[in-house]
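The values are calculated or read from the model by the stated rules, or taken from the named source; none is laboratory data. From a predicted model like this one, the values you see are computed outputs, not experimental measurements. Ideal geometry is used to build each Cβ from the backbone, glycine not excepted, and the neighbour counts take in all protein chains shown.
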Amino acid sequence: MTKLSFFVVTPSIMLSLSACSFMTAAGPSTRAVNHADQQTVANADIRIIDVTDAVARQVIASNRSALFSEILGDGMPAGSVIGAGDVLDIAIWEAPPAALFGVAGGDPRLTSSTSTARGTTLPEQMVNSDGRITIPFAGSVPAAGRTPQQIERDIMARLAGKAHQPQVIIRLVRNATSNVTVVGDIANSTRVPLTAKGERLLDILAAAGGVKQPVGKMTIQITRGDRVASLPLEAVIKDPHQNIRLQPDDVVTALFQPYSFTALGATGRNEELPFEGTGITLAQALGRVAGLQDLRADVRGVFIFRLEDPAALGLAPGAEVRTTPDGKVPVIYRIDMKNPAAFFIAQGFPIRNKDVLYVSNAPLADVQKFVNVLSSTIFPIASAATLLR
């Protein structure tokens, strides 16, 4: 070898040997991830779990949303129960001869032309703060928390022996207590009155002008007393049983929740991808990132990084486990896509909001990258040395 060749080729070899130091990677190798359980995150132990059919079923069961029909049930139509502040119209009939209410002539609208019966309409009454109304000759009658039919029977019993075969009809004139509050990402935040029709959740949302965002990205929360339940709006539309009848003082909140997961590593797309409020599976997530890169991906190095609820891991409440400050367990779910059964499991394994889907490089891919760097460094310098000779 000539001195010129030596001085030209030697730097190229040194550059080639140092290629490993500047050769980039998309993230940790499969080996590095498999040893991540030796580290901690926010003083919490990292767990590595192989995704099997049993694991997938446990995760699905632990993350199942409680249904409106289970937590809140289907209530009674408004108007069937009277509340304080409601205004009532009360009509009383007597059979002839009218001995009590018919003496003053009664209301001509309620009196038949044959004078076989005489009716009297009392002035409209508001149920007072004590939940009571006052009826002449019957006294103070409890009304709040009772149906109109119960109040009618109570008044008739009190008038028995005073009026001649009294009959009573009560009608709700103004509903002051049976209202639902609708707030959130809705066209018009308002209070919607309930009627005897028995308005359901979708009726109330429509009365408020509907949601502003796409249905697939909306979550509906119902607050009833100290109970709170949430479901994706799309789930309510698909399942009529979740379109429950609302009750007075319910608060309906429409929440815009753009769920997303992040894809990194040897996937077809490295980016944050949104998904529907009803959720997607691992198989769908892989499809949305255009699958794995054939020339780079390690099919045994597909991982899902998640801060998981202890219940999803089968840990009993109070179990001795180191969690993050918000009570989560750092978990790396490991999927071997070389196993054909994994494709069936991936069709049911759920992707959660803020998950990180990571696919590591195959070992040969790193070797190929080194060879490419070596070739791109040596061949031009060797060609120049040949020309110089």
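On inspection, ILE332 qualifies as touching a helix residue (DSSP H, G or I) at 6+ places or on another chain (Cβ under 7 Å) and over 26 Å from LYS217 (Cβ atoms). Cβ-Cβ contacts under 8 Å between residues 6 or more apart (or on different chains), taken from a first residue in the stretch 228-241 that is charged (D, E, K, R) to a second residue that is in a strand (DSSP E or B) and modelled with pLDDT of 90 or more, are listed as GLU234/MET218. Check PRO258 against each of (1) under 20 Å from the mean Cα position of the chain (by Cα); (2) in contact (Cβ under 8 Å) with a residue 60 or more places away in the chain and name the one condition it does not meet. Single failed check for PRO258: (2).
Taking the criterion of being among the polar types (S, T, N, Q) and surrounded by fewer than 19 Cβ atoms within 10 Å (Cβ to Cβ), the residues of the stretch 326-363 that qualify are ASN339, GLN347, ASN353. How many residues, within the stretch 256-266, are surrounded by 19 or more Cβ atoms within 10 Å (Cβ to Cβ) and closer than 21 Å to VAL215 by Cα? Result for the stretch 256-266: 2.
Here ARG171 meets the list (1) under 28 Å from PRO97 (Cβ atoms); (2) in contact with a helix residue (DSSP H, G or I) (Cβ under 7 Å, 6 or more places away or on another chain) almost entirely, failing just condition (2). Of all residues in the stretch 58-79, those being free of Cβ contacts under 8 Å to residues at least 40 places away in the same chain and outside any loop (DSSP other than H, G, I, E, B) number 2.
If you go through the stretch 22-33 and keep only what is modelled with pLDDT of 85 or more and surrounded by 16 or more Cβ atoms within 10 Å (Cβ to Cβ), you end up with PRO28, SER29, THR30, VAL33. Among the residues of the stretch 200-212, those identified as under 17 Å from the mean Cα position of the chain (by Cα) and crowded, with 18+ Cβ neighbours inside 10 Å are LEU201, LEU205, VAL211.
Only a single item in (1) of a type in the set (D, E, K, R); (2) closer than 21 Å to ILE280 by Cα; (3) assigned to a loop (DSSP other than H, G, I, E, B) is not met by ARG306, and it is number (3).
To keep it simple, each residue is scored yes or no on (1) more than 19 Å from ARG64 (Cβ to Cβ); (2) more than 20 Å from the chain's Cα centre (by Cα); (3) hydroxyl-bearing (Ser, Thr, Tyr).
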position	(1), (2), (3)
ASN270	yes, yes, no
GLY277	no, no, no
LEU313	no, yes, no
VAL331	no, yes, no
GLN347	no, yes, no
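Scanning the stretch 324-353 for residues that are part of a loop (DSSP other than H, G, I, E, B) and either of a type in the set (A, V, I, L, M) or out of contact with any Asp or Glu (no Cβ under 9 Å at 6 or more places or on another chain) (or both) returns THR324, PRO325, ASP326, MET337, LYS338, ASN339, PRO340, GLN347, PHE349, ASN353.
Counting only residues that are assigned to a strand (DSSP E or B) and within 12 Å of TRP93 (Cα to Cα), the stretch 118-169 holds 8 of them.
So that you can scan it fast, the table gives a plain yes or no per residue for (1) out of contact with any strand residue (DSSP E or B) (no Cβ under 7 Å at 6 or more places or on another chain); (2) within 23 Å of LEU231 (Cα to Cα); (3) in contact (Cβ under 8 Å) with a residue 60 or more places away in the chain:
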| position | (1), (2), (3) |
| --- | --- |
| GLU272 | no, no, no |
| THR278 | no, yes, yes |
| ALA285 | no, yes, yes |
| GLY314 | yes, no, yes |
| ASP326 | yes, yes, no |
| PRO330 | no, no, yes |
| ASP336 | no, no, yes |
| ASN339 | yes, no, no |
| GLN347 | no, yes, yes |
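Considering the conditions (1) touching a helix residue (DSSP H, G or I) at 6+ places or on another chain (Cβ under 7 Å); (2) at pLDDT 90 or above; (3) on the phi > 0 side of the Ramachandran plot; (4) of a type outside the set (Asp, Glu), LYS354 is excluded by exactly one of them, (1).
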